[in-house]
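*Asks:* Sharing a structure below in structure tokens format, with a few things to ask.
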Amino acid sequence: MPPILINTSGKQKYSKGTAKKLWSYFSKYKWQIIVTFIVSTIAGAFTAVSIYMYTLLYSYLMKFMGMPDTGIINTVSAFIFAGVGLLIIYILSNLFTWLTSFLTVKIAERGCYHLRIAIFRKLHKIPIKYFDQTPSGDIISRTANDVDNITRFISQYIGNSIYWICSIISVGLLMFLANWALSLIVLLIYPLVALVNMFIIKTLRPYYTKQQKCLGELNGYIEEYISGTKIISLFKMEDQVKKNFDILNEKLTKNSTIANSVTNIMMPLNGFFNNMSFVILAAWGVVFILNGWIKTSWGVLNILDPTVFLVMFTMIARNLTNPINQLISTFGQLMLCMASSDRVFQILEQDEEKDPANAKLLTANTIQGVVEAKNMDFSYTKDKPILKNINFIAKPGTVTALVGPTGAGKTTIVNLITKFYDINGGQLMVDGTPIANINRTSLRQNITMVLQDTYLFGVSIYENIRYGKLNASKKEIIQASKLANCHSFITKLPDGYNTILSDNGGNLSQGQRQLIAIARAFLADSKIVILDEATSSIDTKTEIQIQEAMEKLIKNRTTLMIAHRLSTIKNADNILVIDNGQIVEHGKHNDLIAKKGFYYKLYMSQFRGNQI
């Protein structure tokens, strides 16, 4: 079994150009994005207009209360006109804000729809070793949780960010039109704010990446627990499982707490800077008034009294801080989005299974099924050889059995024949062609595997058998079921072939699941058959049915059988005895027993309890 590879260096690897890669999934909606940008810009511009009109109405109220005059609104009719105009602007502003949200949600959902498709299709092209070395829960977390984080950020923050930026620009422009000197004083503090926030953002990203990694590990552990819940209960391992869960949960909580705590610092910190800017504005405003630097007419405000002008200018400046704070608050979510995007693109950038340009295509009509290994070597990692100098030939109409202790390399040989892994040295051939030069899809279409732990999908029995040949007719499926000795028990089920199976066929017995898997193999009708002994832990009657079905299945085919119970391979044409990655003996059962070597000890240990 290949090793699980875990990054223990503590360093987080980031994809280069993540934003650019992410854009490639949304660029097809560029016209919707342009419309969204225009709508957000208009909504942001309305903010400045509404602030301006509100300021004028407020100044009129001050005049009405006996305060100094304003040069724009001096009559009740003008006040009413401005009030109605302000109401219309508020309505339009909210309408355009809603339209921005609607468009960004649509863009986000469609873009991530294509992103999920890309991930799922990529998973079909990634070598099997990736799945062997990566916890399934982490893959699920990347496909679901991380993509959901991307969707949430784009739908909730991108459109609003454009709106906030436009609001900042429009309100800032209004301030400069009112008084450029005071505007510079207000804005002088924001470069410092930007530097502080950039430092915080740089600090955040590793913690958000660790948070998503810990979430993937936790999801993997939960998935493992659900799959093994019966074993956990049987061996009373609940307490240990809880402890392991608590450890993973603690890691996730710790990293999430740090990430979110640092993010939450940004709002009060920026609030402090904003208040500081108002204190500075008020102080310098008094200096301006005392020195007569505020004259009788001031740009767009046109307020005659300097004190009233300063009050109005401060109100405008306060409306600048809200979009700035909102924009800054998105940075934490941006880091989460980038961390999730990194994890997603780590899948999308995995090397794919590739064949040579001139790879040979095997067809059911041309393949003979001769499998031959010459001096074959293999290792999952460079420093630990698994198979060494393997030599054998398996011909059509013969059974080649692979026997040996657990971990000897039997399953690894099967993984090489199916091209799940590539050999490191020597040759592995099918019909005389090196397997490296054969199209892997066509190879696998001509190989049928029946595993000891067969997998059934949560669909009908009919659909499960049809996996062997998707274009099979109902008549072919029934015929395959009869050959596999499972037609009888299927027809006795309440819904027959339409019976929906629970998780991995949990509503069937182990023997019934194996018979359905054999029916699937009959339907595939491949020239090469690989069997992982399927008769363990079942009753004698079902074992006989399975043996009969398997004998029919292997007839006239090249059969490789991983044997756990040596009594089942007495009639094998060639038995390969594997130990520590090497073939230590080979031959027929009687010949190997007569040698009284490694095979003899294995065989006798199963019947007499002797130790090897």
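The values are calculated or read from the model by the stated rules, or taken from the named source; none is laboratory data. This is a predicted model, so every value here is computed, not measured. Note: ideal-geometry Cβ built from the backbone for every residue, glycine included; neighbour counts use all protein chains shown. Ligands, DNA and RNA are stripped out before the accessible areas are found, and what is left, the full protein with its side chains, is counted by its heavy atoms. Shrake-Rupley method; radii C 1.70, N 1.55, O 1.52, S 1.80 Å.
*Asks:* With an 8 Å cut-off on Cα pairs and a minimum separation of 6 or more residues, tell me the relative contact order of region 416-575 in percent. Could you put the intermediate results ahead of the total?
*Replies:* Numbers: 210 pairs, mean separation 43.1, N = 160.
Value for region 416-575: 27 percent.
*Asks:* How much FRET efficiency would the formula 1/(1 + (r/R0)^6) give for residue 594 and residue 368, where r is the Cβ-Cβ distance and R0 is 35 Å, rounded to 0.05?
*Replies:* Values: r = 32 Å, r/R0 = 0.92.
It comes out at approximately 0.60.
*Asks:* Once both labels are modelled 7 Å past Cα along the beta-carbon direction, what's the residue 406-residue 451 spacing in nm?
*Replies:* My value for the distance between the label points is 1.7 nm.
*Asks:* Still on this structure, I have one more. Determine the gain in length on full extension of the stretch residue 140-residue 184; use 0.36 nm per residue of separation and subtract their C-alpha separation, reporting nm with one decimal. The partial results should precede the final answer.
*Replies:* On the way: separation 44, 0.36 × 44 = 15.84 nm, distance 5.09 nm.
Taking 0.36 nm per residue and subtracting the Cα distance, the gain is 10.8 nm.
*Asks:* Moving on to the next point. Sequence neighbours fewer than 8 away in the same chain don't count; with that in mind, list the aspartates and glutamates whose C-alpha is under 13 Å from residue 527.
*Replies:* 431
*Asks:* Now for a different question. I need the phi-derived Karplus couplings for region 328-344: 6.51 cos²θ - 1.76 cosθ + 1.60, θ = phi - 60°, integer Hz, Gly and Pro marked x.
*Replies:* 5, 5, 6, 5, x, 5, 5, 5, 5, 5, 5, 4, 5, 5, 4, 5, 5
*Asks:* Using only the Cα atoms of region 381-432, what semi-axes does the equivalent ellipsoid have when each is the square root of 5 times a gyration tensor eigenvalue? Give whole Å, largest first. List each step's numbers first, then the result.
*Replies:* Details: eigenvalues 77, 44, 19 Å².
Whole-Å semi-axes of the equivalent ellipsoid: 20, 15, 10.
*Asks:* Less than 9 Å Cβ to Cβ from residue 427, Lys/Arg counted +1 and Asp/Glu -1: what total charge do the surrounding residues give?
*Replies:* Numbers: positive: 374; negative: 372.
So the surrounding residues net to 0.
*Asks:* What residues have an amide H closer than 5 Å to that of residue 529, excluding those fewer than 5 places away on the same chain, when H is modeled at 1.01 Å from N in the peptide plane?
*Replies:* Here the answer is 448, 558, 559, 560, since their amide H atoms fall under 5 Å of that of residue 529.
*Asks:* Starting from the Kirkwood radius over alpha-carbon pairs of region 132-281, derive D by Stokes-Einstein at 20 °C in a medium of 1.002 mPa s and give it in µm² s⁻¹.
*Replies:* Working: Rh = 19.3 Å.
Using the Kirkwood radius from Cα pairs, D works out to 111 µm²/s.
*Asks:* Oh, and also: Which far-off residues, 5 or more places away or on another chain, put their amide H under 5 Å from the one on residue 564, with H placed in the peptide plane?
*Replies:* 533
*Asks:* Rounded to the nearest 10 degrees, what's the angle between the helix 238-290 long axis and the longest principal axis of the chain, both from Cα atoms, 0 to 90?
*Replies:* Roughly 20 degrees between the two axes.
*Asks:* If I model a spin label at residue 381 and residue 493 as a point 7 Å from the Cα along the Cα→Cβ vector, what separation in nanometres do I get?
*Replies:* Placing both labels 7 Å along Cα→Cβ, they lie 4.3 nm apart.
*Asks:* Using every Cα-Cα pair within region 282-431, state what percent have a distance larger than 21 Å. Show your work: numbers first, answer last.
*Replies:* Numbers: 7872 of 11175 pairs.
Roughly 70 percent, rounded to a whole number.
*Asks:* Under a straight-distance cross-link criterion of Cα-Cα below 16 Å, which aspartates and glutamates are reachable from residue 601, leaving out those fewer than 8 residues away in the same chain?
*Replies:* Result set, ordered by chain and number: 579, 585, 591.
*Asks:* Quick check: at a probe of 1.4 Å, how many percent of the accessible area of the chain sits on carbon and sulfur atoms? Walk me through the intermediate numbers first.
*Replies:* Numbers: 19010 of 31700 Å².
With neighbouring chains kept in place, the figure for the chain is 60 percent.
*Asks:* Quick one: which residues, 5+ away or cross-chain, put their amide H under 5 Å from the amide H of residue 439? H built at 1.01 Å from N.
*Replies:* Here the answer is 360, 361, 362, since their amide H atoms fall under 5 Å of that of residue 439.
*Asks:* Listed here are the pairs 410/555; 492/552; 21/384; which of them are more than 26 Å apart at the Cα? It would help to have the intermediate numbers written out before the result.
*Replies:* Working: 410/555 22 Å; 492/552 23 Å; 21/384 37 Å.
Among 410/555; 492/552; 21/384, the Cα-Cα distance tops 26 Å for 21/384.
*Asks:* Compute the long axis of helix 598-608 from its Cα atoms, compare it with the longest principal axis of the Cα atoms of the chain, and write down the angle in degrees, 0 to 90, nearest 10.
*Replies:* Taking Cα atoms only, the helix is inclined about 90 degrees.
*Asks:* Stick to Cα atoms and the Kirkwood definition of Rh, then tell me Rg/Rh for region 431-547.
*Replies:* On the way: Rg = 14.7 Å, Rh = 14.8 Å.
The Rg/Rh ratio comes out at 1.00.
*Asks:* Using only helices, what value at 222 nm comes out for the chain when you add -39,500 (n - 2.57) per DSSP H run of length 4 or more and divide by the total residues, to the nearest 500 deg cm²/dmol? Don't skip to the end; give the middle numbers.
*Replies:* Values: 21 runs with 359 residues, N = 612.
For the chain, the value works out to -19500 deg cm²/dmol.
*Asks:* Out of every Cα pair in region 96-153, what percent are spaced more than 15 Å from each other?
*Replies:* On the way: 942 of 1653 pairs.
Tail of the P(r) past 15 Å holds 57 percent of the pairs.
*Asks:* So, one more: Kindly provide the trypsin sites (Lys or Arg not before Pro) of region 342-421 that DSSP labels as loop, not H, G, I, E or B, and whose Cβ sees at most 14 other Cβ atoms within 10 Å. Display every interim value, and only then the final one.
*Replies:* On the way: sites: 343, 354, 360, 374, 382, 388, 410, 419; in loops: 354, 382, 419.
Sparse-neighbourhood loop trypsin sites (Lys or Arg not before Pro): 354, 382.
*Asks:* Whole number in Å², please: accessible area per residue of the chain, 1.4 Å probe, ligands, DNA and RNA not counted.
*Replies:* Working: 31700 Å² over 612 residues.
Accessible area per residue, the chain: 52 Å².
*Asks:* Mind scanning 129/482; 395/595; 129/254; 20/210 and naming the pairs with a C-alpha gap bigger than 27 Å? Each step should come with its number before you reach the end.
*Replies:* Working: 129/482 36 Å; 395/595 25 Å; 129/254 31 Å; 20/210 22 Å.
Beyond 27 Å: 129/482; 129/254.
*Asks:* Another question, if that's okay. Evaluate region 152-227: find the radius of gyration of its Cα atoms, find its Kirkwood radius, and give the ratio Rg to Rh. Don't skip to the answer; put the middle values down first.
*Replies:* Numbers: Rg = 20.9 Å, Rh = 16.4 Å.
We get a ratio of 1.27 for region 152-227.
*Asks:* Excluding residues fewer than 8 places away in the same chain, name every one of the lysines whose C-alpha is closer than 18 Å to that of residue 596.
*Replies:* 570, 588
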